Every structure is written in structure tokens, then in C-alpha cells.
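One structure is given below, encoded as C-alpha cells.
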Amino acid sequence: MIKSKTAANGFAAGTPWVYTDIVKEHFLNPRNFLMGDETKYQADGKGIVGNPICGDQMLMMIQVEAKKNPKTGKKESIIKDVKWKTYGCASAIASTSALSELAKGKTLDSALKISAEEIESYLGGLPKHKFHCSVLGHEALASAIQDYRNHH
Amino acid sequence: MVYLDYSATTPLLPCAKKAMLKAMDLPGNASSLHTPGHLAMNAIEDARDNIANLINADPQEIVFTSGGSESNNTVTNIFAGEKVLVSAIEHPSLLESAKVRCKATTIPVQKSGEIDFATYQNLLSKTSPKLVSIMLGNNEIGTIENVKKLAKLAHQSGALFHTDATQALGKILVDVKSLDVDYLTLSSHKIGGPIGIGALYVKKGSPFTPLIIGGHQEKSRRAGTYQTINICGFGAAAQYALQKNTPQIFAQKIRPLRDLLAKEILAKVPFASINTPLKNSLPNILNCSFEAAEGESIQLYLDLEGKIVTSTGSACASGDGKPSHVLMATHHDAEVAHASVRFSFGLESTKSDVQNVIKYLPDIVKRLQGISTLKTKGDQND
């Protein structure tokens, strides 16, 4: 692992090609991904966005449970589990991994409010031209939540 | 580190470094008419001789430039406003500058990257170009074009011929007389010389317009103070290529390594395909694609986990969001381009480099295929 501010390719941190150590860590050890056949996962909601022709595609799957909010006493829909798959670059893998961590345990409404900027700041920044990769994960999650709501 | 990105740039040869260090002690502007100026100019002319010898040209036919991109731009600038024919797999410095400056028609290529002669003949007679530009060895997939025959056909139709030999130089024999081309692009840092220097071979009597004007340097063919240090490094690298007969080293030592890697990849990496036409390619380039796995991710895992450095044709690596124009021209399939990795070997490459790739690559590709939203052919058959 490269610890210094200068990446292996010699570019200084902040130039468009450099990934932060957090991005690299999520890329090397992605959280909540699903390996292999996704039909075996019992998803309550599923969303897929992107296009392989453009070089990236993301699938988000969520399991939802109803829980009583101890403060309000109202029942809320909570994201119990998230699994994802992606055909994409390092940025797509890292940002989807980060998003899955952020979304877990949140209500559907607050999960929908996770912004691309929030994912980016969780990762300590993304190269400028890679920003759309984190937007894509965000869109896939929104689409999975919509899918859940359409069926429940 | 396992360096398999020689087509991007090569490490500086010790002899080139030595020549550059020596040139740093030459204080004069090579254009000056005093003794230090003469000494610098002598060193430059020695370098020019070495470069000319390497490609069997006359030293006066060599014009120094800042590199391959400038040489290519110089050629398209000579033919500004004219009809030109360019292959679809040229380097962007040729392809894009031809489109901007000239009336350019693109010659399609076959899946191997080779030009189909019938299509080419047809385009020659249909467009009557003033210039044809087809590269000698492709930088991404390594395809070697039959420049000798293509140039002959161009000449028969009244067109002049340029070839970009940036990647071919030092890897295969490059002989301007035998190829019978009118212009030829050369770059220093692909043969162990420094970055920032290249040359254009201009056959005696060929039309010429300088790209950079405002100085008498290079017989008024390229203005700008002589880069004595870089030129000396380039000259030393050219001399090395000629004396060591590097094309023979590439044929005997490097090609078998490249072919071994191709064989191992097909045997050990699932759903791999080879984009390089192995029998008709530069001896050091191997371009592969891996179904459902994205190239930039493969490249970065190889780098971070295996300290193996390569290149990819995926859009995510290109900077402009578009996948490799070369693989799009050969395969017409964005997934092949996004999933591509280029391994490029050099004089220092060894068998252990190949073994290292095979140690890491199969697992990386399998993992990426496992988390991919795309199906491999195997999944579809299930």
C-alpha cells in the first residue's frame, strides 16, 4: 500500500489520477458485495443502473424490515442489509462499497438522502472525472428503494 | 515491481544517461558560431548520424522534434487542407490532427488490425489523396501493417506515404529505403532514450512546411533552440539499438516471453481472449480482454496487489470517457475495449515477470467476474 501523498505512478496527490488511501482500501476490501449468482439473494428491492457500453453498471439489492422508532413509536422501514454487484472501475467499486456501508441501518427516506457528495467525502475524495461513478451507485440505491416501494 | 508498460515508456538506458550527463557539460547553444556552440553542434550531428544509421536514412533527412506527437502533427500540417487517407488505428496525434487540418478519410481495419488491401485500393481510387498515413506497428495491440506494399500502392495512385514507426523502432527492422516511405515518425523514449525528443524522417525532395516557425534551426524545418542533452540521449539509444541489434533480441528473447504469457492467460484466466494478432505483431505487445471484468479495475488490482504495471483501453482510464478507438475499430464492441489490458515487454523483461502475472491475474479476473453485473459466456450457458 502506498502511504505517502505521492502515488506509485509518481503523480502528486490531488492530480486527477490519484485515489485516496480510503478509496484504495475499499477497492481492495470491498464491503457487502455479492459474489456469483444474485438470484440466490432474497432481495426486497432491486435496482440496476448504468450501461456496459459506457463501461459501468451497478446493481443494488436491499432487504428491508419494519422497526418501531423508540422516539416516535411509529413503525419505520429500515434497510437491514445491502448487497451490490458492479461492472466498473476502481472508483465504482469503492463508491458502491462506501454507499452500502452508509445505507445499512438507515430508514428508506434517509437512505434516499445520501448524496453523491456524502459518498465522496466518506471516501476522502474522488478524482474529478470519476465523480459520475459515485452518482451511479446512488442512483442504483434509489432505484432499489423505488422497486421495494412499488411492491410493498 | 514488474514493469510491463514499455509501450508507454521505457526506462532510460545507461548509455543514454551517460551521453546526457556528458552533454550537460556542453554549455553552448548549438546554433552559436563560437567554440562551445560548435562542440554542442558536433554532439548533435553525431546523434543525428546514429539515428539516420538506425533507419538507413541520410542524416540530412532527419529533423529533430519534441517527440512522436509533434512529428505526426508536422506531417498533417504539411498537408493542411489536402485530402488524406489515415488508418482508423493511428495514434491520436495523427488521427485527430489529420481530422482537424486535412480532408481526412479513415481506412477501416480488420479484426486483426490489418488493412484490407481491396478496401484500401478502393479508397485510394475513390478519394485520390495527396497523403496516406498508416502506422508500422500499432501501439495498443501491436499489429504490424504491410507498409512496404501499402506505400507502393499509394505511390502508384500518386499519393505520398507517411508511417508512424514510434512503437516499431528497435523492435523490428525499420529501413526507410526498403519500406520506401516519404515520411516516418520516430520517438526516443520508446527505445530507452529520454522523453521529450523525437524525429521525423523526411525523404529528400518531399514537400515540407515547418510546424514551428521563427528560427533557422534544423535547416529552417523546426524552429527552437536545440535540445542538446535530449538529442544526445536519443542518439545514444539509437546507437545501442543498432549495435546490439535489438530487433534480434526482441525476436529471440522477448517474443517467446510474450507468447508464453498469451498461452498461460488463455489456459489459466477464465473467459480471456487475445486481441493481438500474435503471428503478425510487434514482438513485445500483448493485448487481452477478459469478459465481464473492467480493465481499469484489473489494472489497479495488478498494481496494488501484485506490483505489476500495465495499461488498459477502458474508458475509465482514457480521461475522455471513451474506450480505446483501436479496439473499437478492430472489434466494434465496447465491452472488449473496456475489458482490455495491454502487457508490453522490453529488453529487461524476464520469465519471472510472466510468472508473476500468472500468479495474480487469474484470481483478480475471477473476483471481478464474480461481482460483475455482466454475465460471462459460461453463466449464460448454465
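A few remarks follow.
- Annotation: average projected area of the protein assembly as shown is 28.3 square nanometres, based on the convex hull of Cα atoms across all directions.
- Among the residues of A:21-29, the average count of other protein chain beta-carbon atoms within 10 Å of the residue beta-carbon is 1.
- Inter-label distance, B:Lys126 to B:Asp25: 6.1 nm, where each label sits 7 Å from its Cα along the C-beta direction.
- Kirkwood Rh, angstrom, region A:21-151 [1 / mean 1/r, Cα pairs]: 14.7 Å
- Partners of A:Lys104 within straight-line reach, counting lysines whose Cα lies under 23 Å from its Cα and excluding those fewer than 8 residues away in the same chain: A:Lys24, A:Lys40, A:Lys46, A:Lys67, A:Lys68, A:Lys71, A:Lys74, A:Lys75, A:Lys80, A:Lys83, A:Lys85, A:Lys113.
- Close amide H contacts of A:Val64 (hydrogens built in the peptide plane, cut-off under 5 Å, sequence separation of 5 or more or a different chain): A:Asp44, A:Lys80.
- Most tightly packed first, judged by the mean number of other beta-carbon atoms within 10 Å of their residues, the peptides B:216-223, B:136-143 read B:136-143, B:216-223.
- Among B:326-335, A:36-45, B:152-161, the order from most to least packed when residues are scored by Cβ within 10 Å on average: B:326-335, B:152-161, A:36-45
- Inter-chain shielding of B:292-301 (mean C-beta neighbours from other protein chains, 10 Å cut-off): 5
- Beta bridges per DSSP, both residues in the protein assembly as shown: antiparallel share near 70 percent.
- Residue-averaged [θ]222 nm for chain B, counting only DSSP H segments that reach four residues, each worth -39500 (n - 2.57): -13000 deg cm²/dmol
- Note on B:Asp363 and B:Lys148: their simple-model spin labels are 4.8 nm apart, each label 7 Å out from Cα toward Cβ.
- Only Lys, Arg, Asp and Glu carry charge here, each on its Cβ (+1 for the first two, -1 for the last two); on that basis chain B has a dipole of about 620 debye about its Cα centre.
- Model label sites at B:Lys263 and A:Asp37, defined 7 Å from Cα along the beta-carbon direction, differ in position by 3.6 nm.
- Tilt relative to chain B, helix B:228-244 - C-alpha long axis, 0 to 90 degrees, to 10: 60 degrees
- Note on chain B: GNM, Cα springs under 10 Å; of B:Ser178, B:Ser133, B:Ser349, the largest mean-square fluctuation is that of B:Ser178.
- About the centre of its Cα atoms, the protein assembly as shown shows a dipole size close to 220 debye [charges on the beta carbon of Lys, Arg (+1) and Asp, Glu (-1) only; nearest 20 debye].
- Quarter of Cα convex hull surface for region B:98-196, i.e. mean projection, nm²: 6.9 nm²
- Estimated 222 nm signal from helices in chain A, with DSSP H stretches of n ≥ 4 weighted -39500 (n - 2.57), rounded to 500: -11000 deg cm²/dmol
- Here region B:246-372 is treated as an ellipsoid with the same Cα gyration tensor; its semi-axes, largest first and in whole Å, are 22, 17, 13.
- When chains B and A come together, the accessible area they lose, probed at 1.4 Å and totalled over both chains, is close to 2200 Å².
- Cα pair distances in region B:12-105, grouped into 10 Å bins until the bin that holds the longest one, percent each: 15, 30, 29, 20, 7
- Interatomic Cα distance distribution for chain B, bins of 10 angstrom, percent: 5, 23, 30, 24, 13, 3, 1, 0
The values are calculated or read from the model by the stated rules, or taken from the named source; none is laboratory data. Every value quoted in this text rests on a predicted model; they were computed, and no experiment measured them. No Cβ is skipped: glycine too gets one built from the backbone with ideal geometry, and neighbour counts run over all protein chains shown. These area figures cover heavy atoms from the full protein model, side chains too; ligands, DNA and RNA do not enter into them. Shrake-Rupley method; radii C 1.70, N 1.55, O 1.52, S 1.80 Å.
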